[in-house]
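Take a look at the structure set out below.
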Amino acid sequence: MKNALGSVDTVLLLGGRSEIGLAIVERLVRAGARRVMLAARGGTAPVDRLRKLGAEVHLADFDAARPETHAALIEDAATRLGDLDVVIPAFGVLGRQAVYDADPVAAARDVAVNFGGHVSIGLAAARRLREQGHGTLVVLSSVAGVRVRKANFVYGSAKAGLDGFAQGLADSLHGSGARVVVVRPGFVIGRMTEGMSPAPMSVTVDTVADAVIDGLRSGRRTVWVPARLRPVFAVMRVLPQAVWRRLPR
Amino acid sequence: MTLLTGWGRTAPTPARLSRPRSVEEAAALLRAATGRGAVARGLGRSYGDAAQNSGGVVLDCTALTSSWAHDPATGLVTASAGMSLHDLMTELLPRGWFVPVTPGTRHVTVGGAVAADVHGKNHHVDSSFGAHVRSLTLLTADGTLRALTPDDELFWATVGGMGLTGVVVEATFACVPVETSRMWVDVERTRDLDETLEVMTATDDRYRYTVAWIDLLARGGRMGRSVLTRGDHARRDELPVRMRRDPLAFAPRPRLAAPPWVPGGLLNRATVGAFNATWYGKAPAARRGLVQGIAPFFHPLDGVAHWNRMYGSRGFVQYQFVVPFGAEETLRRVVERLSNAGVVSFLTVLKRFGRGTPGMLSFPMPGWTLALDIPVGQRGLAEMLTVFDEWVAAAGGRLYLAKDSRMPASMMAGTYPRLDEWRAIRDRADPEGVFRSDLARRLCL
Ligand SMILES: Cc1cc2nc3c(=O)[nH]c(=O)nc-3n(C[C@H](O)[C@H](O)[C@H](O)COP(=O)(O)OP(=O)(O)OC[C@H]3O[C@@H](n4cnc5c(N)ncnc54)[C@H](O)[C@@H]3O)c2cc1C
Ligand SMILES: NC(=O)c1ccc[n+]([C@@H]2O[C@H](COP(=O)([O-])OP(=O)(O)OC[C@H]3O[C@@H](n4cnc5c(N)ncnc54)[C@H](OP(=O)(O)O)[C@@H]3O)[C@@H](O)[C@H]2O)c1
């Protein structure tokens, strides 16, 4: 249960090795969360740090590309952790557009993870949260989905789909006690973007995690990281297509 | 679904709220409860999440008021669990009787008083509510009614058991005879915390009711300065002549109401500071034999309905702990830290506890108890209270479940030594875990 000062007891991380996901979990544990499940392909994830901080850490095998397993996973998590206070689907793959252009099957497979996987796990989690009458689903969207760019439109379109899904889910949960926080980071310097040259206004994994914690506390529905990307994208959204198309990245 | 909170108005959760009018209706509602379980609720005066059940059933017991009886020969009262102490006082005082224990508000139900094993200003001499209860009728998970006496272990799992053993539907308890409905009160001011503790230790036992209000905003040499109010029921001959005609009159004034919406920052350092300075300044250095009504003496806050709204929409937490006698140093550190941090606590109250009851999760133990209200949103509050938790636990103390809305489960397990014993009895009474609350989930009860 979330307590009066906003700290929670349980956290489920899907994509249990995600850099951003683990940074969020670590903060929640420092603030008092005591039972955590890290769900990742092969059922392995870094547990030591969280255990040292005093958390009871469970592991589970989870593949975003196998939606038929997702409902059972949520059930298993609720059995082992109790009520799910915070659920964070943090899995995702950032392929190169050039590769996708050459290999449409790979593109479709990644979209199935980046969008389809979030739909099945998101709906399964939402059912549980609705039943509980409380709990928060943290959806890691991206500014890449706010307006899709030619430089990475496969990834971007999956994020656009995910963002729309999260908005709709948030509305459908309204009044149930459960809620959704949509996080829209810009370029995050970390493992996923290794080898890429940082875009303007890039942030670190820690900044993203801090902003998410802030969003969980304040009850905000959308969290932009950094916050000034919000006005920037208000402009980006209305740039004429001819200009948008010519953007270098 | 209805969104419910406790008196502190934090952490709302939705529940199916029903208001059974009979025991049969309550039993039927229990049978219909789903996997999210059910819990009883009284007048919602616990501060945190004790009377909430996210996604499940909450039984509002305030309509269980069908019976009450008083035997003037023995002083025993039998009352339905939904009756409030206010209603009881209204019935009992004109007959020359008073409830054995009243908390700082009389708007609590008999069920809530049993479930939290509530204490009052007389704890140092009379212990808590449970000590006066002779029998209980408990509706358990299987829909049966059980008559319990202090010889039953389930009785002491229910007293202080926060509604998790079943629904209390009736209680029989001993009341105290009074000659008047007035209090005979001594008020005195102390200079600092040392003097507060000294005076209370030396002379509390001369009074049936005592409490100290601490001015937390006073610092330095005046840290811990307090106003002590101590007294007893006035005898008829202690009343001014004009009151002697109707010595048992009890008609608390109609209440003012706080507006439904209050800006969050209304209670800040400046306003609370001004209030505290006035309160302290207004109190006489020493005044003996003041005659006061029941309401202003026991329930000053009841004068303003919905005063909890004064803290704004984010609500507030109440932090109440007890530490054993001998752990005065812990008390001092807490008061010092609060004063230095400039924490805005509207009402900070210090009391001496006497003997506890055998209630396994009952809060009081011999020692000092301090209770404070703090608005949510104050910077560093969570961290500060976590530090206090450690001090309190290290001193052998604990926190009061009826006030709690934030302690970690580990603190509960570490400071209520009879928790496992309680769990075993609860599990026998409720093998399928029908009785659940947000508090129970949060604290892994
Ligand atoms: C201004 C103020 C001052 C207070 N001062 C004091 C004080 O001095 N001393 C003190 O001890 N407390 C004090 N309290 C706390 C209050 O006395 C307790 O929280 C009490 O339990 C509230 O009773 P309620 O009827 O409102 O119950 P609720 O708050 O509705 O419920 C409290 C608990 O009782 C259980 N419960 C309620 N009815 C039943 C039932 N019929 N059967 C089984 N379980 C039931 C609930 O499940 C819950 O766990 C104060 C509260 C306020 C707001
Ligand atoms: N980094 C950024 O710039 C950025 C910006 C905006 C949004 N985001 C989003 O934030 C989320 C977290 O990203 P991150 O930075 O933490 O990246 P990360 O460290 O690379 O984490 C992504 C995780 O997803 C896992 N994963 C990939 N496919 C999976 C599948 N089929 N099943 C289960 N898990 C799978 C990966 O598992 P392995 O450990 O096995 O690889 C990896 O642990 C992602 O949704 C990402 O799109 C990131």
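The values are calculated or read from the model by the stated rules, or taken from the named source; none is laboratory data. Quantities reported herein were computed from a predicted structural model and do not represent experimental measurements. Virtual Cβ from ideal backbone geometry, glycine too; neighbours counted across all protein chains shown. Please note that ligands, DNA and RNA were not included when accessible areas were found on the heavy atoms of the full protein model with its side chains. Shrake-Rupley method; radii C 1.70, N 1.55, O 1.52, S 1.80 Å.
Within region B:215-235, the only residue that satisfies the criterion of being open to solvent by 60 Å² or more (accessible area, probe 1.4 Å) and either assigned by TED's automatic domain parsing to the domain that holds B:Phe98 or in contact with a helix residue (DSSP H, G or I) (Cβ under 6 Å, 6 or more places away or on another chain) (or both) is B:Arg219. If you filter region B:375-400 down to residues that are away from every other protein chain (no Cβ under 14 Å) and part of a helix (DSSP H, G or I), you find that the one that is least open to solvent (accessible area, probe 1.4 Å) is B:Val392. Checked against the criterion of being over 21 Å from the mean Cα position of the chain (by Cα) and touching a residue at least 40 places away in the same chain (Cβ under 8 Å), the candidates B:Asp404, B:Asp430 yield just one match: B:Asp430.
Please verify whether A:Val57 is without any contact (Cβ under 8 Å) to a residue 60 or more places away in the chain, β-branched (Val, Ile, Thr) and touching a Gly at 6+ places or on another chain (Cβ under 8 Å), treating the condition exactly as stated.
Against the criterion (without any contact (Cβ under 8 Å) to a residue 60 or more places away in the chain, β-branched (Val, Ile, Thr) and touching a Gly at 6+ places or on another chain (Cβ under 8 Å)), A:Val57 does not qualify.
Based on what the data block shows, is B:Pro284 at pLDDT below 95 and surrounded by 10 or more Cβ atoms within 10 Å (Cβ to Cβ)?
Yes.
Condition check: in contact (Cβ under 8 Å) with a residue 12 or more places away in the chain, away from ligand 1 (no atom under 16 Å from the Cβ) and touching a strand residue (DSSP E or B) at 6+ places or on another chain (Cβ under 8 Å). Does A:Pro198 satisfy that? Judged against the criteria, A:Pro198 is not a match. Looking across region A:1-41, the residues that are under 21 Å from A:Phe91 (Cβ atoms) and either within 16 Å of ligand 1 (Cβ to nearest atom) or assigned to a helix (DSSP H, G or I) (or both) come down to A:Glu19, A:Ile20, A:Gly21, A:Leu22, A:Ala23, A:Ile24, A:Val25, A:Glu26, A:Arg27, A:Leu28, A:Val29, A:Arg41. The number of residues in region A:152-201 that are open to solvent by less than 60 Å² (accessible area, probe 1.4 Å) and within 14 Å of another protein chain (Cβ to nearest Cβ) comes to 5.
Every residue, every condition in (1) modelled with pLDDT of 95 or more; (2) part of a loop (DSSP other than H, G, I, E, B); (3) among the aliphatic types (A, V, I, L, M); (4) away from ligand 1 (no atom under 16 Å from the Cβ), yes or no:
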site	(1), (2), (3), (4)
B:Thr196	yes, no, no, yes
B:Ala202	yes, no, yes, yes
B:Gly224	no, yes, no, yes
B:Val227	no, no, yes, yes
B:Gly231	yes, no, no, no
B:Phe250	no, yes, no, yes
B:Arg253	no, yes, no, yes
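From the list B:Gly356, B:Gly396, the one residue that fits, being within 22 Å of the chain's Cα centre (by Cα), touching a residue at least 40 places away in the same chain (Cβ under 8 Å) and more than 13 Å from ligand 1 (Cβ to nearest atom), is B:Gly396.
Give the residue that is nearest to ligand 2 (Cβ to nearest atom), with candidates limited to residues of region B:56-79 that are buried (at least 24 other Cβ atoms within 10 Å of the Cβ) and more than 14 Å from chain A (Cβ to nearest Cβ). Here the answer is B:Leu59.
Take residues that are closer than 16 Å to B:Arg436 by Cα and tell me which of the strands (runs of 3 or more DSSP E) falling wholly in region B:1-74 contain 3 or more. First the steps, then the outcome.
Numbers: elements: B:2-4, B:13-18, B:38-41, B:57-60, B:68-71.
Ranges flagged: B:13-18, B:38-41, B:57-60.
Within region B:117-150, the residues that satisfy the criterion of being crowded, with 21+ Cβ neighbours inside 10 Å and part of a strand (DSSP E or B) are B:Val133, B:Leu136, B:Leu138, B:Leu139, B:Leu148. In the set B:Thr10, B:Thr2, only one residue is within 14 Å of chain A (Cβ to nearest Cβ), of a type outside the set (Phe, Trp, Tyr), in contact with a strand residue (DSSP E or B) (Cβ under 7 Å, 6 or more places away or on another chain) and open to solvent by 40 Å² or more (accessible area, probe 1.4 Å); that residue is B:Thr2.
So which of B:Gly289, B:Gly356 is open to solvent by less than 50 Å² (accessible area, probe 1.4 Å), under 24 Å from B:Gly120 (Cβ atoms), in the same structural domain as B:Leu401 (by TED's automatic domain parsing) and assigned to a loop (DSSP other than H, G, I, E, B)? From the options B:Gly289, B:Gly356, the qualifying one is B:Gly356.
Identify the residue in region B:406-424 that is more than 14 Å from every other protein chain (Cβ to nearest Cβ) and in a loop (DSSP other than H, G, I, E, B) and, among all such residues, is least open to solvent (accessible area, probe 1.4 Å). Checking each candidate, the answer is B:Tyr416.
Each row is one residue, and each column tells you yes or no for (1) open to solvent by less than 30 Å² (accessible area, probe 1.4 Å); (2) over 22 Å from A:Ala124 (Cα atoms); (3) within 13 Å of ligand 2 (Cβ to nearest atom).
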residue	(1), (2), (3)
A:Thr10	yes, no, no
A:Leu13	yes, no, yes
A:Glu19	no, yes, yes
A:Ala31	no, yes, no
A:Met37	yes, no, no
A:Leu73	yes, no, yes
A:Thr79	no, no, no
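The set of residues in region A:109-148 that are surrounded by fewer than 19 Cβ atoms within 10 Å (Cβ to Cβ) and of a type in the set (Lys, Arg) comprises A:Arg109, A:Arg127, A:Arg130, A:Arg147. Of all residues in region A:42-60, exactly one satisfies the criterion of being buried (at least 21 other Cβ atoms within 10 Å of the Cβ) and in a helix (DSSP H, G or I), namely A:Leu50.
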